[in-house]
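Structure provided below as structure tokens; questions to follow.
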Amino acid sequence: MNFSKLITKKNLLLAWRRITSSSDARYKTFFRHILEAYELSFDKNIEDLQRRLANSEYTAQSPIRFYVPKPSGLQRPITLLPIEDQIVYQALANLFAEKVREKRNKLAGKYVYSNKLGKKDSPFFLEKWQLGYSQLKRNLKSKFKGGYVWIATFDISAFYDTIPHEILLKVLSTNTKGDLYINTKGWLKIWSSDKESDQHSHGIPQGPMASDFLAECILLAIDEKLSEQYSYFRYVDDVRILGKTELEVRQALVYLDILCKSRGLIPNSDKTKIKKVSSADELVEGIPDVKSYFDNGSGSALSKTAAEKRVLDAVEIKDKIEVKDRTLFRYILFRTHQSEDILKIVLGTWEHYPEHTDAYVAFLENYQRSIGIVSLATRLLESKYPYDYVQGELWKLVARMGSKSELSQLVQLAIDTVRNPNSGTASKFGVYIFLCQCDKIGLGDYEKWIMYEKKSLVQALVAPYLQISTSGGIETSKVFLSRTLPDTYLGLVRPLVESGVNLNSFGKNPAQFPVVAQQVYNAAGISGHIIPSPDAIGNLIAKRYSVKKWNKWKDLLQGEYDHAFMELKFADSHFEFHFSSWLNYQDAFNEIMFLSLQIFLANKNASGAISLVDRNGKRLDYGVLLGNPNFKSAFPILQDGLQKTHNRRNSVPGSHPYDKHTGNKASPLKKKEKEILKQYLDNIFDQIIKITEGLGI
């Protein structure tokens, strides 16, 4: 392997696609708005990244870290890398994967059960973790019948944090003088800490999918040696060795201990145990029955009744609620809808089981407001609850659920948190979102606090919560548009598009922005550098939908042409991989097209023309206009397609948290749904062309 292999456009594009296809929703959620913006011109962005890597112009950036509670009461770091660092890191993981694929496949499913590679060149880097977990449990239990009644359990302390860079890199390249080795060693050192003064030569960033496989690579040599002689089973850093005698497992355990220490890894003595078992079930103690959770016909969601019944298997309700089965408990919280019984359990367990914070937050997405949650959050924040990540999530919940008076009560604490140099990154992140909400509801000009944040990646993550208008958000945005990190620019894409504020208002020259930002802003229509060709919309529609190429869109859309092109460009860029985002932007284009059609029909005195305002001259909502019986009667096929597309748009995340009609929690658009909607859109555009041509456009 060499540096030129790392920086091929093919490898970098594969890295980008694997990041966007990752199933790790928690990590991607932080960057969703940045991923969407980067996608707008991803091909050009990757070419620019490739050029800078080849010319030694690329520089890795310091990450930020959140600390997530563990069941022990300690914390696990989650490292957030800037978007281009994520791509380079995944590109490295791609090389590692191909270097060890053949050796790893010989062990997978027999000795090693974690983080199994997907197919070569597949956008899905790793297979579902549930498959390996279930296979491990099944194979362990089968050994009992063969007389394997002794077991040694083994765990590595702070596994990700102790991985030595030099030993890891030798898996990839033995040429320590080569560009690949030298560059990667430098990048890993930068990513090892969120503080330049604390950088070191061990540890990989916990959180990115790439790390999940690099951790497997450091253990590959150990896997090969142990599996040659012993009945050896490993899932990440959890090792189980089976034997027919106590001597056999002790010999294996000593050998494993030596191998780990020789690679700079530290065995966890508290979790290392040897015992004789009397049943197959004892061999799988501590491994949750994951398969049964997903085999009940409700892999994607649980009904209220089923969830309330099953949660009683996960918790024990006494004087204090205790969580018995943490995996089942989390599974239920992630997959159920509103339930007052489960809400009471969340309220009763959160303070004592903070390690489930992400699951609590996922469950609370079902609620627009909960007085109990606001009260709990306020109490924990005022008591200075010690977990940084939990504080951050509580601030965000209060910002979303709290009333004006409830937010006002916490403003001073929020400001004190920002001012405190010892405040954690996660809590500051939450506070900035809280202060942006205070600004939006008129409590004061509090969003300006984010201007003084030293970490530009934090600013990039907060950017979508800014409200930009001619009377607010300009000064803060100027700071964001002065950073060298592209992420801050990408974070502002959606607020800038929604505001309609011209870049001239910020006193910035787009030509001085990072190249990635220039390309994204051009694609989004923000900077005004790109003037669409006369056929731009027609070309885009003909490329994506089953309709003839039509060159009359400017005549129909008139002054809305550029605006409509921007929305359609956004939609098209998300069509393949971000289905919900595609639908949001496509429906926005549809609305512009519908309003322009109405103006055209009115000018022609044609049937189907309707008033766009109510009796008081107030503009009617798009959904209301679509339901007008005169329009429906004149153009039933067009109306049906537009209505169904709009209805589904109203129930995807990023549009509304709840379906306007059913009240159900918003759900992401699935691939099959997208294909059905595409057929409606084929008909919509065909009808638009026929109607307008028939009236003499």
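Scan segment 643-662 and tell me whether some residue there is in contact (Cβ under 8 Å) with a residue 40 or more places away in the chain, assigned to a helix (DSSP H, G or I) and of a type in the set (S, T, N, Q).
Yes - at least one qualifying residue is present in segment 643-662.
While we're looking at this one, here's another question. Of all residues in segment 252-276 being among the charged types (D, E, K, R) and either under 20 Å from residue 149 (Cα atoms) or not in a helix (DSSP H, G or I) (or both), which is least open to solvent (accessible area, probe 1.4 Å)?
The selected residue is 263.
What number goes with the only condition from (1) in a loop (DSSP other than H, G, I, E, B); (2) of a type in the set (Ser, Thr, Tyr); (3) over 25 Å from the mean Cα position of the chain (by Cα) that residue 114 does not pass?
(3)
Here is a follow-up. Would you please name the residue that is surrounded by the most Cβ atoms within 10 Å (Cβ to Cβ), looking only at residues in segment 70-84 that are under 25 Å from residue 423 (Cα atoms) and charged (D, E, K, R)?
Once the filter is applied, the top-ranked residue is 76.
From 433, 468, 474, 450, which residue is at pLDDT 95 or above and over 22 Å from the mean Cα position of the chain (by Cα)?
Answer to the selection: 450.
I need the full set of residues from segment 126-139 which are touching a residue at least 24 places away in the same chain (Cβ under 8 Å) and of a type in the set (D, E, K, R), in order please.
128, 137
Within segment 232-242, is there a residue that is over 25 Å from the mean Cα position of the chain (by Cα), of a type in the set (D, E, K, R), on the phi < 0 side of the Ramachandran plot and open to solvent by 40 Å² or more (accessible area, probe 1.4 Å)?
Yes.
Just to be sure I understand the filter: pairs with C-beta atoms under 7 Å, separated by 6 or more residues or on different chains, first member in segment 103-125 and without any contact (Cβ under 8 Å) to a residue 12 or more places away in the chain, second member surrounded by 14 or more Cβ atoms within 10 Å (Cβ to Cβ) and aliphatic (A, V, I, L, M). Which pairs pass?
118/126
Follow-up. In the set 327, 378, which member is surrounded by fewer than 20 Cβ atoms within 10 Å (Cβ to Cβ), part of a helix (DSSP H, G or I) and touching a Pro at 6+ places or on another chain (Cβ under 6 Å)?
The unique qualifying residue is 327.
Taking only pairs six or more apart or across chains, which ones have beta-carbon atoms under 8 Å, a first residue in segment 1-20 that is more than 18 Å from residue 40 (Cα to Cα), and a second residue that is among the charged types (D, E, K, R)?
From residues that are more than 18 Å from residue 40 (Cα to Cα), the pairs are 1/99; 2/179; 3/179; 11/5.
OK, next. Do any residues in segment 234-256 that are closer than 24 Å to residue 135 by Cβ have Cβ atoms under 7 Å from those of residues that are assigned to a helix (DSSP H, G or I) and open to solvent by 30 Å² or more (accessible area, probe 1.4 Å), where the two are at least six apart or on different chains, and which pairs are they?
Close Cβ pairs satisfying both conditions: 235/133; 242/143.
Just need a number here: residues in segment 54-69 that are open to solvent by 80 Å² or more (accessible area, probe 1.4 Å) and of a type in the set (D, E, K, R).
So the count comes out to 1.
Just one of the numbered conditions (1) more than 26 Å from the chain's Cα centre (by Cα); (2) surrounded by fewer than 22 Cβ atoms within 10 Å (Cβ to Cβ) is not true of residue 345; which one?
(2)
Here's the yes/no breakdown for (1) modelled with pLDDT under 95; (2) assigned to a loop (DSSP other than H, G, I, E, B); (3) open to solvent by 60 Å² or more (accessible area, probe 1.4 Å):
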site: 489; (1), (2), (3): no, no, no
site: 496; (1), (2), (3): yes, no, no
site: 504; (1), (2), (3): yes, no, yes
site: 518; (1), (2), (3): yes, no, no
site: 532; (1), (2), (3): yes, yes, no
site: 549; (1), (2), (3): yes, yes, yes
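Among the listed residues 568, 556, which satisfies the condition of being within 21 Å of residue 691 (Cβ to Cβ) and within 26 Å of the chain's Cα centre (by Cα)?
So the residue among 568, 556 that is within 21 Å of residue 691 (Cβ to Cβ) and within 26 Å of the chain's Cα centre (by Cα) is 568.
Within segment 103-141, which residues are open to solvent by less than 60 Å² (accessible area, probe 1.4 Å) and among the aliphatic types (A, V, I, L, M)?
107, 108, 112, 117, 126, 136, 140
Still on this structure, please answer the following. Is it the case, given these coordinates, that residue 457 is under 30 Å from residue 73 (Cβ atoms) and assigned to a helix (DSSP H, G or I)?
yes
Ok, one more. Report every pair of residues separated by at least 6 positions or lying on different chains whose Cβ atoms are under 6 Å apart, first residue within segment 350-373 and under 13 Å from residue 332 (Cα atoms), second among the β-branched types (Val, Ile, Thr) and open to solvent by less than 30 Å² (accessible area, probe 1.4 Å).
Close Cβ pairs satisfying both conditions: 360/346.
Kindly list the number of the only condition in (1) modelled with pLDDT under 90; (2) closer than 16 Å to residue 681 by Cα; (3) open to solvent by 10 Å² or more (accessible area, probe 1.4 Å); (4) not charged (D, E, K, R) that fails for residue 574.
So the condition that residue 574 fails would be (3).
Kindly establish whether residue 411 is touching a residue at least 24 places away in the same chain (Cβ under 8 Å), within 22 Å of the chain's Cα centre (by Cα) and in a helix (DSSP H, G or I).
Here the answer is no, as residue 411 does not meet what is asked.
Let me ask something else about it. Given segment 150-236, what helices (runs of 4 or more DSSP H) lie entirely inside it while holding 2 or more residues that are touching a Phe, Trp or Tyr at 6+ places or on another chain (Cβ under 8 Å)?
Here the list reads 165-172, 179-191, 209-229.
What is the number of the single condition among (1) surrounded by 18 or more Cβ atoms within 10 Å (Cβ to Cβ); (2) in contact with a strand residue (DSSP E or B) (Cβ under 7 Å, 6 or more places away or on another chain) that residue 87 does not meet?
Result: residue 87 fails condition (2) only.
So, residue 398, is that one modelled with pLDDT of 95 or more, touching a Ser or Thr at 6+ places or on another chain (Cβ under 9 Å) and aliphatic (A, V, I, L, M) or not?
Answer is yes for this residue.
A further question on this structure: For a quick check of your reading: which helices (runs of 4 or more DSSP H) sit entirely within segment 1-106 and have at least 3 residues that are at pLDDT below 95?
25-39, 42-54
From the set of residues in segment 448-486 that are charged (D, E, K, R), open to solvent by 20 Å² or more (accessible area, probe 1.4 Å) and out of contact with any strand residue (DSSP E or B) (no Cβ under 7 Å at 6 or more places or on another chain), which is nearest to residue 60 (Cα to Cα)?
Selected residue: 483.
Let me ask you something else. I'm checking my understanding of the structure. Among residues of segment 176-194 that are open to solvent by 50 Å² or more (accessible area, probe 1.4 Å) and in contact (Cβ under 8 Å) with a residue 60 or more places away in the chain, which one is farthest from residue 261 (Cα to Cα)?
Among them, the one singled out is 179.
Scan segment 25-53 for residues that are under 13 Å from the mean Cα position of the chain (by Cα) and open to solvent by 60 Å² or more (accessible area, probe 1.4 Å) and report the count.
Adding up the residues that qualify gives 3.
All but one of (1) open to solvent by 90 Å² or more (accessible area, probe 1.4 Å); (2) of a type outside the set (Ser, Thr, Tyr); (3) over 22 Å from residue 400 (Cα atoms); (4) at pLDDT 90 or above hold for residue 319; state the number of the condition that does not hold.
With (1) open to solvent by 90 Å² or more (accessible area, probe 1.4 Å); (2) of a type outside the set (Ser, Thr, Tyr); (3) over 22 Å from residue 400 (Cα atoms); (4) at pLDDT 90 or above applied to residue 319, the lone miss is (4).
The values are calculated or read from the model by the stated rules, or taken from the named source; none is laboratory data. Because the structure is a prediction, the values reported are computed rather than measured. Heads up, the Cβs are rebuilt from the backbone with ideal geometry, glycines too, and the neighbour counts pull from every protein chain shown. Just so you know, the surface numbers come from the protein's heavy atoms only, side chains and all, with ligands and any DNA or RNA stripped out. Shrake-Rupley method; radii C 1.70, N 1.55, O 1.52, S 1.80 Å.
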